[in-house]
Amino acid sequence: MRTSLTKVLAVGFVAALVASGCGSERRESGSTAPEKGFAADALIGVALPSKTSENWVLAGDLFTNGLKDAGFQSDVQYAGASTTVADQQAQITAMITKGAKVIVIGATDAAQLSTQVAQAKQSGAVVVAYDRLITNTPDVDYYIAFDNFKVGQLQGQALLDGMKSRKATGPWTVELFSGSPDDNNSGVFFNGAMDVLKPLIDRGEVVVGSGQTDVKQTATQGWKAENAQSRMDSLLNSTYAGDKTLDGVLSPNDTLARAIITSIKGAGKPIPIVTGQDSEVESVKSIMAGEQYSTINKDTRKLVAETVNMVKTLQAGNQPTVNDTKSYDNGVKVVPAYLLPPIIVTKANAAEAYADDPKLSPLTK
Ligand code: BGC
């Protein structure tokens, strides 16, 4: 119970920050499949954020091929590197104009798409939030993602396990990083990790050296490596001068983990336990080399395949399967979600975790 309440609050994080006056209408999830379905070769729009991590790069090709194999036409777009919000808004509008029947969106900014998704609904399209929830709007029909709260819990637990493997008892000194504040997932990952870490912080067993425990203080704008690296640089200067020990760093993903490790190496300090997410090639190599401690396997192939299945179900005029109808309150409605289980990966289980991944498996031999 406590967990699901935390999760609901977590999901409201971005919405609460961005939208002060939202939430007068609150609906439970409702039926949103077009009753008669739509043409088997209809256009499906896929609007992805900029390529801030390898999973997004993979997703684009997988969607193009998966939708084609399923008989659909597709329009797969990425937001640009700098004008991300305006790019994505324009791309979604263009998809609506072209008559897309389903629009799958990996939001670049969770709270900046309400106008576009309202237009999509008016045009009769189904809106599916992919990986990242879209907040502050009634016009999102489904959410499909890995269980992001669980991702955060696994990261928090990996941080503790890693530190314990080096020093059996605390106190352990750590620093906390979170993702971009405009991505709803950032607060969810962070709150999942804090669900595990906070009791230890409260007991003094885990000490956040800088005292920066608030998600706003720990944020990494744009999920950019250089922002995490410079925050780590300044933490090292301000808090870890001399031989002050740093036992662990909570990093929300692999790109940021490697930037944090670069900073720490640059300062000539031993590499602490550093968590990650995404199973990026360079991070799997780093884990096998004993540098980064952990990552999360969220197999993009599976998430895209499940999303294409959802599109096929909608095409046939049926209701897609969901397995969570209570956790993802976007500030206006509870969005019915289909969640896949994430897997924690360390050097110890990497070979097993990536056994069926032809790209990652050879790295674990
Ligand atoms: C995704 C992560 C990814 C991050 C940065 C998040 O929304 O869930 O897998 O690392 O965005 O791209």
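The values are calculated or read from the model by the stated rules, or taken from the named source; none is laboratory data. Just so it is clear, the model here is predicted, and its values are computed rather than measured. Glycine also receives a Cβ, built like all others from the backbone with ideal geometry; neighbour counts cover every protein chain displayed. All accessible areas refer to the heavy atoms of the entire protein, side chains included, with ligands and DNA or RNA removed. Shrake-Rupley method; radii C 1.70, N 1.55, O 1.52, S 1.80 Å.
Relative contact order of segment 247-289: 50 percent, from C-alpha pairs under 8 Å at least 6 residues apart in sequence. What are the residues whose amide H is under 5 Å from the amide H of residue 172, where those residues sit 5 or more places off or on another chain and H is modelled from the backbone? Those qualifying (amide H under 5 Å, at least 5 residues apart or on another chain) are 206, 207.
Please go through the residue pairs 269/365; 164/347; 164/298; 298/359; 216/265 and name each one whose alpha carbons sit more than 20 Å apart in this structure.
Checking Cα-Cα distances, 269/365; 164/298; 216/265 exceed 20 Å.
Between 99, 268, 222, the GNM of the chain built on Cα springs shorter than 10 angstrom shows 268 fluctuating the most. Close amide H partners of residue 43, meaning residues 5 or more places away or on another chain with modelled amide H under 5 Å apart, are 73, 101. Taking other residues whose beta carbon is less than 12 angstrom from the beta carbon of residue 108, and scoring Lys, Arg as +1 and Asp, Glu as -1, yields -3.
If you sort 147, 131 by accessible surface, 1.4 Å probe, largest first, the order is 147, 131.
Compute the Kirkwood hydrodynamic radius of the chain, taking the inverse of the mean of 1/r over all pairs of distinct Cα atoms, and give it in Å to one decimal.
It is 20.9 Å.
Diffusion coefficient of segment 186-298 by Stokes-Einstein, Kirkwood radius over Cα pairs, 10 °C, 1.306 mPa s: 110 µm²/s. Both the radius of gyration and Dmax for segment 141-240 are 14.2, 47 Å, in that order, over alpha-carbon atoms. Within the listed set 83, 245, 220, the residue fluctuating most in the Gaussian network model of the chain (springs between alpha-carbon atoms under 10 angstrom) is 83. Here segment 256-365 yields Rg over Rh of 1.11, to two decimals, using C-alpha coordinates and the Kirkwood radius.
Sequence-distant contacts, meaning Cα pairs under 8 Å at least 6 residues apart, place the relative contact order of the chain at 22 percent.
Summed over all non-identical Cα pairs, the Kirkwood treatment of segment 68-192 gives a radius of 16.6 Å.
Our summary gives segment 133-248 a relative contact order of 32 percent, counting only alpha carbon pairs under 8 angstrom and 6 or more residues apart.
Here's how it looks for residue 273: its modeled amide H is under 5 Å from those of 248, 249, which are all 5 or more places away or on a different chain. Both the radius of gyration and Dmax for segment 72-133 are 10.7, 31 Å, in that order, over alpha-carbon atoms. Each part reduced to its alpha carbon centroid, segment 300-365 and segment 220-278 end up 29 Å apart.
A Cβ-based charge dipole, computed about the Cα centre of segment 70-169 with Lys and Arg at +1 and Asp and Glu at -1, lands at about 360 debye.
In this structure the chain gives 40 Å² per residue of accessible area when probed at 1.4 Å with all protein chains present.
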